[in-house]
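Quick notes on the structure that follows.
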Amino acid sequence: LAEQMAKSSGGTVAMVLEDAAAALGWVWFPNEDHIVIRTVQAQTANYMSRRVTVQYTNEPLADILLDLANRAETPINFEPGMMLKLPSETARHTSLALRNNSIRQGFELLSAHTGIRYSIQRGGINVSLSDVITRASGPTVPISLRSPYVGKITVPGPDKSYAFDILLREDDLPQDILDYRRQLIEEYIEKMRAELQSIESEG
C-alpha cells in the first residue's frame, strides 16, 4: 500500500489513500480511532451479511436478484442470455421469503432452488448458470426457427375453478395428427367457400 501511495499524483491524505486502495482493488474507511482496509470482495461480503425481511411472490428472477444486490449496495452482473436458458416458469415466476436472514442467504436459497450460481468479484456480484443447467439447456434455438403453435389442450382443475392451457407446437404432434389437422382445415375452408358463394348468389 505504501508503495502504491508513493505513486499517487498528490492531494489530501484521503485522496492519496483512495487512489492507492482503488489501484489495488481495496476499499478503506475510518472506524473510530483507526482506518480499516479491505479488499472489495471482503467489503461486498460484509454488505451481503446485512439482514433483511422481504418477500417476493411470483416475480421475475432477475428483478429479485437486482433488488437483493441493491440492498447490498453492490453492482450485479448477469451472464449474457442466462435467463433465456432457464425454465420459463423459473425465470418469470420465482418466490422467496427472507425473515431476518442475510442477503447472502437469499442468494444461496435462489442458487439452490433455481440452478443459478453467484460469485463475489471486484466488479460486484457475478451471476451465471450452474453447470447442471448449462448442460441440460443445450444450445438455444432461435425463436424464428421454432415450429409454430398449432393447438391447445385445456386441462380443468379438480374443482373446475381454474384450468391449465397447454400450447402445442407443430413438432410436438405425431404425423397422423398433423395430417388429420390439415384435413380438418381443408374441410372447413371448403365449407366457408361454399357459404360465401351462397351469400354472393343471394345478393
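The C-alpha atoms of region 47-137 occupy a region whose extents along the principal axes are 34, 31, 17 Å, arranged from largest to smallest.
Is region 86-132 best put as rounded, prolate or oblate by its Cα gyration tensor, with a ≥ b ≥ c the root eigenvalues, rounded for a/c under 1.5, and otherwise prolate when a/b is larger than b/c, oblate when not? Present the calculation step by step, with values, prior to reporting the outcome.
On the way: a/c = 2.08, a/b = 1.06, b/c = 1.95.
Note, shape of region 86-132 comes out oblate.
Within the shell of other residues whose beta carbon sits under 15 angstrom from the beta carbon of Met192, the net charge comes to -3, with Lys and Arg scored +1 and Asp and Glu -1.
Along its three principal directions, the equivalent ellipsoid of region 147-202 from the Cα gyration tensor extends over semi-axes of 31, 19, 8 Å, largest first. Label-to-label distance for Ser119 and Asn46 is 2.4 nm, based on points extended 7 Å past Cα in the beta-carbon direction.
Each value in this text was obtained by applying a stated rule to the coordinates, not by laboratory testing. On a predicted model such as this, the values are computed, not experimentally measured, just so you know. Virtual Cβ from ideal backbone geometry, glycine too; neighbours counted across all protein chains shown.
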